[in-house]
1. Within the range 17-76, track down each residue that is touching a residue at least 40 places away in the same chain (Cβ under 8 Å) and of a type in the set (D, E, K, R).
2. Counting only residues that are buried (at least 18 other Cβ atoms within 10 Å of the Cβ) and outside any loop (DSSP other than H, G, I, E, B), how many does the range 391-408 have?
3. Among the listed residues A301, A328, A291, identify the single one that is open to solvent by less than 60 Å² (accessible area, probe 1.4 Å), of a type outside the set (S, T, Y), in a helix (DSSP H, G or I) and closer than 16 Å to L374 by Cα.
4. Identify the residue in the range 321-348 that is in contact with a Gly (Cβ under 8 Å, 6 or more places away or on another chain) and not hydrophobic (A, V, I, L, M, F, W, C) and, among all such residues, is nearest to D387 (Cα to Cα).
5. If R201 passes every condition in (1) within 16 Å of A212 (Cα to Cα); (2) of a type in the set (D, E, K, R); (3) within 11 Å of the ligand (Cβ to nearest atom) but one, which one does it miss?
6. Which of the following residues is more than 22 Å from V159 (Cα to Cα) and either more than 16 Å from the ligand (Cβ to nearest atom) or more than 19 Å from the chain's Cα centre (by Cα) (or both): T210, T206?
7. Determine whether the range 216-239 contains at least one residue that is of a type in the set (A, V, I, L, M, F, W, C), under 26 Å from P409 (Cα atoms) and either within 16 Å of the ligand (Cβ to nearest atom) or open to solvent by less than 40 Å² (accessible area, probe 1.4 Å) (or both).
8. Just to be sure, is V333 open to solvent by 30 Å² or more (accessible area, probe 1.4 Å) and assigned to a helix (DSSP H, G or I)?
Amino acid sequence: MTVYLVGAGPGDPGLLTLRGAEVLACADVVVYDRLSAASLLDLAPAAAERISVGKQPGGPRTSQDDINALLVARGRAGQQVVRLKGGDPFVFARGGEEAAALAAAGVAFEVVPGITSSVAVPAYAGIPVTMRYSSTSFTVVTGHEDGAEGEGSVNWEAVAALGGTVVVLMGAARCRAICSRLIAAGMAPDTPAAAVQWGTRPNQRTLRSTLAALPDAGPEPPATIVIGEVAALDLTWFESRPLFGRRIVVTRAQPQAAAMAAELRRRGAEAIELPVIAFEPPEDVERLARAAAEAGRYDWAVFTSPTGVARFFEHLHDARSLGGVRVAAIGPVTAAALADRNVVADLVPGQYVAEALLEALCDAAGPRASQRVLIPRAEIARDVLPDGLVAAGWDVDVVPAYRTVAPVPDPGAAALLVEAEVIAFTSSSTVTNFVDAYGTDAVPDIVASIGPVTTATARDRGLQVALEASEHTAEGLIAALEDFFTR
Ligand code: SAH
């Protein structure tokens with residue numbers, strides 16, 4: 001078996017290589033550092049052992065010898081071992097020492113290079129490390145010179161003389177000494193300089209200054225320091241995304257939570273997935289199966305959620321059973337779920353709430369008496385639609401297609417919630433379940449609601465709603481959040 005020395009990139013989980021993801025997916029053991037992104041560890045099989053060798057706050061650091069010994073032992077034991085390292089494993093990461101120990105022990109290893117922070121972190125701050133004519137080289141140096149890490153001594157005079165861009169890793173703590181030494185070696189004090197903290201992550205922060213003044217800006221680790229003409233460039237893109245740095249809790253059920261979180265991340269937010277609802281089969285599955293098989297008896301099939309669509313179609317074995325049935329969807333997302341199954345909705349109301357759907361259905365049916373309608377939906381839901389249709393003389397069959405349940409509260413939630421700024425409620429049950437599981441005090445400052453019904457539930461539970469989507473879909477809610485934060 002093999003020990004893989006894998007570069008994890010500087011933080012953004014998207015900066016892992018395909019090869020890195022591939023070897024993680026079949027790991028028996030993952031040996032990782034403190035800063036490794038949790039979502040990268042999730043790429044390993046659930047059963048894989050995960051061993052942290054990073055320095056825990058207040059705890060001891062595992063010595064390099066112990067790490068080497070651990071890798072050798074696990075490799076010899078025939079395990080598939082992934083040693084996950086920040087950035088690139090061979091750039092100031094002691095990957096060379098680990099590889100040497102494995103080679104000496106006769107354990108097979110493979111190096112999976114990573115995206116190094118020395119290039120990627122400046123890029124996320126809008127700083128290219130080279131520029132035609134003005135910056136024709138970049139020198140990457142360690143700022144951590146004291147014996148402990150044994151990185152050796154840097155010839156700062158030579159670095160200064162070379163010109164071009166100087167990138168300093170591990171230099172935040174010794175920033176003042178480094179800048180003074182470069183000035184003493186002849187670099188102009190007004191040379192542009194920047195320090196990028198927590199680069200490529202939602203909490204990235206860029207301090208822009210000059211060589212002489214950068215130390216006063218007080219850079220804090222982990223930071224990548226860039227010195228040279230390019231440090232004056234501000235081709236900002238990451239930090240200017242509309243939801244950059246916002247920590248937003250997503251409460252809806254999986255897999256919708258993951259999809260919404262991905263959309264939020266694309267806009268720069270740090271999305272925290274904390275589903276407070278989950279879907280399970282209905283009490284009476286037989287009834288749903290029968291309704292699907294006999295769907296042709298109805299004039300209308302009305303869907304009020306994508307989950308209702310998904311569960312109904314799981315039981316629809318012959319598409320022809322839907323034959324001449326007219327199909328309505330409460331909104332575009334439900335209509336899209338139908339379209340995924342090659343059914344084009346005949347009716348989608350202009351407003352995506354039950355009241356509007358009721359009105360649209362009555363309009364569409366006209367004066368024709370006794371329309372038979374099938375409504376496959378959540379076991380517990382508002383009765384506005386079925387009651388209204390009955391009142392209008394329709395023959396209504398409400399068939400439970402799924403049950404909405406509250407998952408067991410996440411024990412790690414409290415820690416995530418104190419850091420969060422926004423919570424996105426996408427239905428009344430997300431509000432109810434969240435408050436029941438974690439309490440009103442755990443609700444982040446800014447409450448965002450998908451629509452009036454959810455807003456009313458939130459207010460009932462004593463919450464202040466800061467914003468409500470005007471289009472009552474997850475997309476509409478994201479647009480409302482963008483609007484709120486860019487206003
Ligand atoms: N092997 C890594 C470097 C390890 S040394 C690589 O190739 O990127 C650790 C140093 O890298 C930190 O002190 C800091 O200078 C830099 N660094 C790592 N991650 C960073 C991040 N997200 N933002 C800014 N600097 C980072």
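The values are calculated or read from the model by the stated rules, or taken from the named source; none is laboratory data. If you're wondering where the values come from, they're calculated on a predicted model, not measured in any experiment. Positions of Cβ are backbone-derived with ideal geometry, glycine not excepted, and every protein chain shown enters the neighbour counts. Protein only, heavy atoms only, side chains kept; ligands, DNA and RNA dropped before computing areas. Shrake-Rupley method; radii C 1.70, N 1.55, O 1.52, S 1.80 Å.
1. Matches in the range 17-76: R19, D28, D33, R74.
2. 7
3. A291
4. By that ranking, first place goes to T334.
5. So the condition that R201 fails would be (1).
6. So the residue among T210, T206 that is more than 22 Å from V159 (Cα to Cα) and either more than 16 Å from the ligand (Cβ to nearest atom) or more than 19 Å from the chain's Cα centre (by Cα) (or both) is T206.
7. Looking for residues that are of a type in the set (A, V, I, L, M, F, W, C), under 26 Å from P409 (Cα atoms) and either within 16 Å of the ligand (Cβ to nearest atom) or open to solvent by less than 40 Å² (accessible area, probe 1.4 Å) (or both), one finds none in the range 216-239, hence no.
8. Yes; evaluated as a whole, the condition is true for this residue.
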